[in-house]
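Structure record follows, encoded as structure tokens.
The values are calculated or read from the model by the stated rules, or taken from the named source; none is laboratory data. Since we're looking at a predicted model, the values are computed, not measured. Glycine also receives a Cβ, built like all others from the backbone with ideal geometry; neighbour counts cover every protein chain displayed. Heavy atoms of the whole protein, side chains included, go into the accessibility calculation; ligands, DNA and RNA do not. Shrake-Rupley method; radii C 1.70, N 1.55, O 1.52, S 1.80 Å.
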There are 2 protein chains.
Amino acid sequence: MARNPQEDPKPARARRRAGRATMSDVARLAGVSAITVSRLLRDPASVSGTLAVRIRDAIERLGYVPNLMAGGLAAAKSRIVGVVVPSIRNAFFAASVDALSARFGERGYAVLDSSSDYDLRREDTLIEAMLAWNPAALVLTGFAHGPRAAAIVARAGVPIVEMWDVAGRPFDMAVGFDHNAAGRSVARHLLARGRRRVAVIGAMLGKDTRASARCAGVREELERAGRPAVATIDLPRASNVGDGASAFAEALAAPGGIDAAAFSNDVLALGAIFECQKRGVRIPDDVAIVGFGDLDFAAHCRPSLTTLRPPREQIGNETARLLLSRIDGQTPERPVVDLGCDLVVRESA
Amino acid sequence: MARNPQEDPKPARARRRAGRATMSDVARLAGVSAITVSRLLRDPASVSGTLAVRIRDAIERLGYVPNLMAGGLAAAKSRIVGVVVPSIRNAFFAASVDALSARFGERGYAVLDSSSDYDLRREDTLIEAMLAWNPAALVLTGFAHGPRAAAIVARAGVPIVEMWDVAGRPFDMAVGFDHNAAGRSVARHLLARGRRRVAVIGAMLGKDTRASARCAGVREELERAGRPAVATIDLPRASNVGDGASAFAEALAAPGGIDAAAFSNDVLALGAIFECQKRGVRIPDDVAIVGFGDLDFAAHCRPSLTTLRPPREQIGNETARLLLSRIDGQTPERPVVDLGCDLVVRESA
DNA sequence: CGCTCGAATGTTAGCGTTGTCATTTTTAAA
DNA sequence: TTTAAAAATGACAACGCTAACATTCGAGCG
């Protein structure tokens, strides 16, 4: 059987393609070389105006979307920033990540975030998974990490910010505030208001080291004043209103009673407020209440809630700023940025 | 000047490398070819036990982490799933995304999520940015999209789920519930309880089409019963407790008063509850209140809140299930999964 | 008017993996 | 045993882009 001499002169291994237009397609249509298109996209100033117009036109006509995988492979780095938080459902971290994403998004970086559920071994796994993407930077939460984290991030060699805490030794940089100091400021406020029998109520103190540090701060300052906490309750689950209410009820039943309660979270404090409404306990006359977070409802509930206001968005913004400047090759300083945490005094304490 | 004949026989173009161990390094150490390592990682059953042990050992010793950029480029697809929600700070979407991430994470996929801030043009941009990563699947929110979205996703050719709504024509698949029906169930409940003068209060109804559909459902059912809403208030900002309180105060002042208020969000309803506590308005005796979301506090506030319970986590789980089965090459059905939305009747209405 | 120098553009060769096809080894059937 | 079929493994090129190096061109200068 005679073969048509014109058909496939070379077997030409069949290949898959994404199907989309490539940079070469754009270059061909614009009558330039691929590298010029690449340059225009990454550093517009390096391409002459005439070519720039032609290339942009070609991009538009082909609906060209760059393949960042290919770019990341070629440059041995990507425009991905990996973020690991305990839980994205936590309003505090969500606010920081949101700000972080916005800042990085403006600069063309995508943020990959994942939740460790307060499990340090899981965090190790997540960090390792992030590294598979050759991220340009890494954002972790706090200083408590899994056993392999140090080795993993050392190998990664990317700028890292540990956020939401400053009291510790960072791998690289840190942005946050001192939770122990914040806790102490709560205790001082209660003592100044004449409170002498304070209960401390927190959630997941064994895993949430920052909440734990705040509670410890409260207790330390109370002890220093010779008025140690009359009760300390550690709830086993993440903060929720119902547990806050029942823990508060438990604290009220402490022998000798209490005249104040400091919570590791506004959500728990809200539960206490509802419990008081139910029982007819007067706030702050009978019991003073202090929360943490300055969540939306804190200013509007009855009575309004005295609470600590963490710099949620600011943490995200500052983290992005530090990482971007490091990515841009600036000052390899190792800053620890303490943004502070103010006590907002309202009706409840 | 005589050149040393031994020095660089080939100029050998200098190249950048990520510095990490590569698959070839692992292969060399294990005494196999690179493709066998690749196979072990992607389909362990296709490699014999002897080699598998040797290769795993080499991976361990070198601390090898696969370069997913290279893999993504070679395979013309990635293990990334793109998600676009209006706001990750919204507790509803955060819950769905969290569940979604968990399900995909188990299968080795990373989730890239981004917030459009209820801006459809921005959503277009974000979808396009996602495509640059050659995602394996796309998750969008609702059916309202920007002008270029349809063209963009058509070119993408990946499975897509539009979540949190089912009342519309999906690009591909949809998982959620019928917001209009949910709103109607609220109105029926209030009517059944003898309420005749209902106010409808929502936030960002112009942009949040789902909240808008719920409010419309309430109004339609009230009209059908011959008891049209006595007031409709559309707040310009995202739901927050303060605005809920002031909008409720405004509704109370409607000529002839009101005996019920339906809110597009529990947060707004909580504001109303606080406002009632402040003014001494009795719930539900004077005014009945219904929210949406069944947020944490709904079961615990005083009075407890009657509200709609959306299947937050379920939406994420089901979305992941559909997409993964499609990725696995199964049934190219175009399902629309209606998970329903129950009314949880408590004290407030 | 030739020369240097810098800006603009092009050429080449990978980046680290996987799809395709080829080859070798093992297993099962005859 | 022989042989075909199946399983395991390998060789090679290609995915789409960018770093490094090479070349061209025109402005500015003596």
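Observations
- So A:SER325, is it among the hydroxyl-bearing types (Ser, Thr, Tyr) and either not in a helix (DSSP H, G or I) or not assigned by TED's automatic domain parsing to the domain that holds A:ASP165 (or both): no
- All told, A:ARG334 meets the bar of being outside any helix (DSSP H, G or I) and at pLDDT below 95.
- Residue count for region B:74-84 satisfying the condition of being at the interface with chain A (Cβ under 7 Å from one of its Cβ atoms) and either hydroxyl-bearing (Ser, Thr, Tyr) or in contact (Cβ under 8 Å) with a residue 60 or more places away in the chain (or both): 1.
- Take the conditions (1) surrounded by 19 or more Cβ atoms within 10 Å (Cβ to Cβ); (2) more than 28 Å from the chain's Cα centre (by Cα); B:LEU270 misses just one of them, which is (2).
For every residue, the table says whether it meets (1) within 16 Å of DNA strand C (Cβ to nearest atom); (2) surrounded by fewer than 21 Cβ atoms within 10 Å (Cβ to Cβ); (3) among the small types (Gly, Ala, Ser).
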residue	(1), (2), (3)
A:PRO86	no, no, no
A:ALA91	no, yes, yes
A:ALA94	no, no, yes
A:ALA102	no, yes, yes
A:SER115	no, no, yes
A:ARG122	no, yes, no
A:ALA132	yes, yes, yes
A:VAL139	no, no, no
A:PRO147	no, yes, no
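- Candidate set from region A:1-22 (those that are open to solvent by 50 Å² or more (accessible area, probe 1.4 Å) and either modelled with pLDDT of 95 or more or small (Gly, Ala, Ser) (or both)); member that is nearest to DNA strand C (Cβ to nearest atom): A:ALA14
- Inside region A:47-73, residues that are farther than 24 Å from A:ALA110 by Cβ and near DNA strand C (Cβ under 8 Å from one of its atoms) make up a count of 5.
- Some residue of region B:97-104 being among the charged types (D, E, K, R) and part of a helix (DSSP H, G or I): yes
- Looking across region B:157-178, just one residue is within 22 Å of B:ILE88 (Cβ to Cβ) and within 14 Å of chain A (Cβ to nearest Cβ), and that is B:VAL158.
- Test: A:ALA181 is part of a helix (DSSP H, G or I), more than 9 Å from chain B (Cβ to nearest Cβ) and closer than 24 Å to A:LEU308 by Cβ: yes
- Qualifying residue in region A:42-58 (condition: in contact (Cβ under 8 Å) with a residue 24 or more places away in the chain, within 11 Å of DNA strand D (Cβ to nearest atom) and closer than 21 Å to A:ARG17 by Cβ): no
- Residue check for A:GLY293: at positive phi and crowded, with 23+ Cβ neighbours inside 10 Å: yes
- Matching entry among A:ALA110, A:ALA94 (being free of Cβ contacts under 8 Å to residues at least 24 places away in the same chain, at the interface with chain B (Cβ under 9 Å from one of its Cβ atoms) and hydrophobic (A, V, I, L, M, F, W, C)): A:ALA94
- Of the residues making up region B:120-161, those that are in contact (Cβ under 8 Å) with a residue 40 or more places away in the chain and farther than 27 Å from A:ALA132 by Cα are B:THR141, B:GLY142, B:PHE143, B:ALA144.
- Number of the condition not met by B:TYR64 [criteria: (1) outside any strand (DSSP E or B); (2) within 27 Å of B:ALA149 (Cβ to Cβ)]: (2)
- Criterion (away from chain A (no Cβ under 14 Å), closer than 19 Å to B:ASN180 by Cβ, among the aliphatic types (A, V, I, L, M) and touching a strand residue (DSSP E or B) at 6+ places or on another chain (Cβ under 7 Å)) met by exactly one of B:ALA225, B:ALA262, B:ALA288, B:ALA254: B:ALA262
- B:MET173 vs. criteria in the same structural domain as B:ARG326 (by TED's automatic domain parsing) and surrounded by 19 or more Cβ atoms within 10 Å (Cβ to Cβ): yes
- Every residue from region A:59-73 that is more than 7 Å from every other protein chain (Cβ to nearest Cβ) and open to solvent by 50 Å² or more (accessible area, probe 1.4 Å): A:GLU60, A:ARG61, A:LEU62
- Residue in region A:29-41 that is more than 10 Å from DNA strand C (Cβ to nearest atom), open to solvent by 50 Å² or more (accessible area, probe 1.4 Å), basic (Lys, Arg) and not assigned by TED's automatic domain parsing to the domain that holds A:ASN134 present: no
- Screening A:ILE283 on (1) at the interface with chain B (Cβ under 10 Å from one of its Cβ atoms); (2) in contact with a Pro (Cβ under 6 Å, 6 or more places away or on another chain) shows it passes everything except condition (1).
- So A:SER325, is it among the hydroxyl-bearing types (Ser, Thr, Tyr) and in contact (Cβ under 8 Å) with a residue 40 or more places away in the chain: no
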